[in-house]
Each structure stands twice: as C-alpha cells, then as structure tokens.
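Structure first, commentary second.
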Amino acid sequence: MNIATKQLSRRSLILGSTASTAMLRHRSLAAYAGELQPPVREFSLKAAPGTAKIAPSPHPATAVWAYNGLVPGPEIRARQGDRVRVHVKNALTEETTVHWHGLRVPNSMDGVPHLTQTPIAANGSFSYEFDVPDAGTYWYHPHQRGFEQVGRGLYGPLIVEETNPIQVDRDVTWVFDDWRLLRNGQISDDFGNRHDESHNGRVGNTVTINGRILEEFPVYRGERIRLRLINAANARIFGLEFNGHNPQIVALDGQPISPHSPSDGRVVLGPAMRVDLVIDMMGNAGQRFTVTDTFYKSLEFRLLDLVYGAQSVRDLALGTPIELTSNTMLEPDLNAAKRHEIRFNGGMMGGMMMGDRQGDGMMSMMETMRAGNLWFINGIAATGHVMDPIIKLQEGRSYILVMQNDTAWHHPIHLHGHSFRVISRNGNPTRYHEWQDTVLMEPREAVEITFVADNPGDWMFHCHILEHMEAGMMGVIRVGNKATRT
Ligand code: C2O
Ligand code: CU
C-alpha cells in the first residue's frame, strides 16, 4: 500500500468524512436491527516471503515476510460486537500462528503455538473466528518465533470501531516498526543473537511508519485527527513529542481513558503498546512542525514533519467531546482481590549476567543463564509456550499482581485474554487507573495491576521485547480449573 496515495485519497475525503461516518453508522444499526446474529466480517491473510520498499530509492526493495504481500499486513476493521473470521494461509517454510494482540478472544482462538492450538504448518491453513467485545486499536502478529517472524514484517493493525464514535475529520493509523538494515537495504539476519537477548532486544537502525520512512505528514488547519499509534517493533520504545501541538490521549491499548495531555509532553509506547491521540491541528497554512522521538537519551531524532496544506478545514477547533465510551471489562473488586507476587529477573547488569539478587534462586538461575536462557519470571526461564502455570486463578475472581522488575532494563509486560488496570507504580497510585494489556515497567520499578480473571484458559504472560521473550521471559497464567487443551 502506498502511503502517498492513501493520504491523497484521505485528503479528498476530509470534508465528506463526517457524513460518511454517519451513513455507515446508520447502515450498521439497520443490520443489527434485522438479525440476532452479529454481522460476520471475513478476512484472508497469507503469510509469505515478499518484498517491501522500506528504504527510499536508490536503495533496492527489502526482502521481508509479509501478510498478503503488505507491510504492515492489511487492516482488519470491524465494529464492536461483530464476529470476525480470518482465514490464515501459511506460505512460509516454517510453522506460524496469528495472535490477536489485546483482544479478549476465547482461549482456543488466541494463536499461541502448542498451548492454544497446533501451529499452522508450512503450507497449512487455519481459520480463526471470534467476537470483538471491545472497541479500540489492536494488532495481530505471529506467536511462533516472533522475534524473527514479526521482525521480518509479519504484523498488521486491527481496528474495532465504536458503535458510538467521537467526531473526527480523519482516523489515521500509524504502525511503527524499526528494522536492522544492512547497507544493501536487506534485513540483517542476526535474529535472536545473545547480545540482543541479554540487553535491550533487537533495536534497529531504520524506523518506519506503515512500512515506510515517512518524511512528511500533510495536515490542514482546524482538522481534528484521531491518530492511532501501534508499536510493532521487536524492542524499540518510542517517546514522541508533537512540537507546537497538544495531543490528547483518549485510549491506551485500545481502552478509553479520560482525555489528557501526555505527561512531560511525551507519548511513550513500549513494544506492542497502542495509544490513541486526538489532535486538533491549529497551525497555519504553510507551517511545518517536527515530531521528534526523545525516548533514548542522546539518540533523539526527527521522526517526521507535520506540514500544513493551503486549505483549512475550520478556523476554530471543534468543540465536540473526545471522551470515548468505556468498554466491557468487569470492574475488579479491590477489597476482595487476592494478591500474587511476580518478580522479573535476569539480563546483563553492571557488565555481568545477573541472577536473583535475593539469594535463593541464584545458583539455579546462573546455571540456566549459562545454557542460554537469560530472563526469568519467578525464577523460571521458559523454553517454549507449554509449561506449568506460574499462578492459577479462580474464574470470576479479582486479582492484584504485584510485579517487581529486578532488572536493569525496561520490560513491556503483556497478559493475554484480559485487560488489567494499572493501579500503582513504585507504591504511588496511578492517576487514571488505566486499562492496559501491556504495561511498560521501568528498570527496578514496582507496578501493581488488577483484573477480574473472567476468561478461562491458559494465557501467556510475557515481556513483549521479543528477544527477552525468546530467552525465557514468558510464563503461563491459568484461569479456571483445567487447561483448555491437552
Ligand atoms: Cu503481542 Cu503474546 O503477544
Ligand atoms: Cu523484557
């Protein structure tokens, strides 16, 4: 898909978009009224080797692995309450699966190899089918050898529209990735090397938005843009500053939050995280504003420029509300919640591989690390997706996970099958008790999350730095009495 043409067609749609959204809403309401079954949206994804024009000419196209020949893969778009059916064909030379990141799907549709399904063999296929209970910004990616399959380009956006949307002029999705490209424009094939695994993962040298190096993004005075940011990078954390603008965060990981400006003016996205922004573009025709990424100290870079076109959409910003309607998660009962402690260990520390500083597990962890498993959850380094659960939760009960990052590194910690509220950081209550499915833990940070364990099955709980996950930072949380699959 070509970004430039996409923007051109969006541009011509700007003035008509409010009307067409209303029409769409009307049509889908009529569809709901006529039938009891939710509408089914059908999609096909074919995972296969292909090429993508990542670096601009004269660089050649880059050999990638892609869904339907596209990086990112095709957008899957549905409406809250719909049923989604996705036919996946595997044209890679290795097994794969597709995981619907952040969506609360039934366990058998979660796409975790061996744990929730037999992986899709080379030349095999599998059809996923599930309802989408929550609106928001999600994404899909393989869960088999993700550090290479995602790293080579297999990922795509999954957008669930609200039945009652907010008014915007454009709804834009930016899927971020970063690539480790060689001088010849090809992907460096050093996936899963021990240095990346023991440090901050595979951070690349080329950042793309929707599979391209995007230099400019055209905007118009007065337009209100909903910008859905998705971080599909293996390991890079983004910290975006929109100079001259005041973006409002309206959702995190798909889940609505009271609209607010990002703290310190910086929108932070760890791997797998999503942030929905509403931005009123109030610059003047001909002006340019730089969006910078300032996350890594002394590695700040200009991401792109917002460039104001000659026309304007309106002179004053829209006054309509931007708060989204909340989703359908059950509210955890904090008084009755049972607490579990989770500790994260491992990786390089002060130039040495470090095991558990607290003593007990130290010897066994050091031995495990010598064998190449570098990261631990409660003292265990995973060597595959099937393992004994680190904790067993009763279905329907509220829980608080008291998580401690004992390492020197950031970790975006993701739980499958549920969204959770982040209730404290280093003992301080969070301001918004935000719902997330992936929480970025800072080095040494303590974070408490809470949720109702309402989705039965064995669910992955892991770091989304894919090299950390591959080197052991992954566990299973069981909800309900038995494994859903034997
Ligand atoms: Cu986005 Cu277990 O994954
Ligand atoms: Cu990690």
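Tabulated data
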read-out: Check on Ile249, in contact with a Lys or Arg (Cβ under 9 Å, 6 or more places away or on another chain) and within 24 Å of Phe420 (Cβ to Cβ); value: no
read-out: Members of segment 56-73 that are at negative phi and surrounded by fewer than 19 Cβ atoms within 10 Å (Cβ to Cβ); value: Pro56, Ser57, Pro58, His59, Pro60, Ala61, Ala63, Leu70
read-out: The lone exception for Asp458 - which of (1) open to solvent by less than 20 Å² (accessible area, probe 1.4 Å); (2) closer than 16 Å to Glu341 by Cα; (3) not β-branched (Val, Ile, Thr) it fails; value: (2)
read-out: Any hit, segment 109-126, residues being farther than 26 Å from Asp388 by Cα, assigned to a strand (DSSP E or B) and not assigned by TED's automatic domain parsing to the domain that holds Arg194; value: yes
read-out: Any hit, segment 428-437, residues being away from ligand 2 (no atom under 16 Å from the Cβ) and β-branched (Val, Ile, Thr); value: yes
read-out: Candidate set: segment 310-334, residues that are touching a residue at least 60 places away in the same chain (Cβ under 8 Å) and not in a loop (DSSP other than H, G, I, E, B); chosen: the one nearest to Arg224 (Cα to Cα); value: Ser312
read-out: Positions within segment 227-241 being of a type outside the set (Gly, Ala, Ser) and open to solvent by less than 10 Å² (accessible area, probe 1.4 Å), in sequence order; value: Leu227, Arg228, Leu229, Ile230, Asn231, Asn234, Ile237, Phe238, Leu240
read-out: 3 or more residues farther than 24 Å from Arg145 by Cβ and touching a residue at least 24 places away in the same chain (Cβ under 8 Å): qualifying strands (runs of 3 or more DSSP E) within segment 432-483; value: 446-452
read-out: Pairs, first over 12 Å from Ile54 (Cα atoms) in segment 191-211, second at pLDDT below 95 and not aromatic (Phe, Trp, Tyr), C-beta under 6 Å, six or more apart; value: Glu197/Leu374; Ser198/Gly347; Ser198/Met348; Ser198/Leu374; His199/Met348
read-out: Among (1) touching a Leu at 6+ places or on another chain (Cβ under 8 Å); (2) at pLDDT 95 or above; (3) not in a strand (DSSP E or B); (4) not basic (Lys, Arg) - the single one Ala55 does not satisfy; value: (2)
read-out: Of all residues in segment 74-91 being assigned to a loop (DSSP other than H, G, I, E, B) and out of contact with any Leu (no Cβ under 9 Å at 6 or more places or on another chain), the one that is least open to solvent (accessible area, probe 1.4 Å); value: Asp82
read-out: Residue within segment 241-252 that is modelled with pLDDT under 95 and outside the structural domain of Tyr432 (by TED's automatic domain parsing) present; value: no
read-out: Residue check for Gly372: modelled with pLDDT under 90 and more than 16 Å from ligand 1 (Cβ to nearest atom); value: yes
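Yes/no per residue for (1) among the polar types (S, T, N, Q); (2) touching an Asp or Glu at 6+ places or on another chain (Cβ under 6 Å); (3) open to solvent by less than 30 Å² (accessible area, probe 1.4 Å):
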site	(1), (2), (3)
Leu269	no, no, yes
Met281	no, yes, yes
Phe301	no, yes, no
Val313	no, yes, no
Ala337	no, no, yes
His340	no, no, no
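The values are calculated or read from the model by the stated rules, or taken from the named source; none is laboratory data. Just so you know, these numbers come straight off a predicted model, no measurement behind them. Backbone-built Cβ (ideal geometry, glycine too); neighbour counts: all protein chains shown. Ligands, DNA and RNA are excluded from the accessible area calculation, which covers all protein heavy atoms including side chains. Shrake-Rupley method; radii C 1.70, N 1.55, O 1.52, S 1.80 Å.
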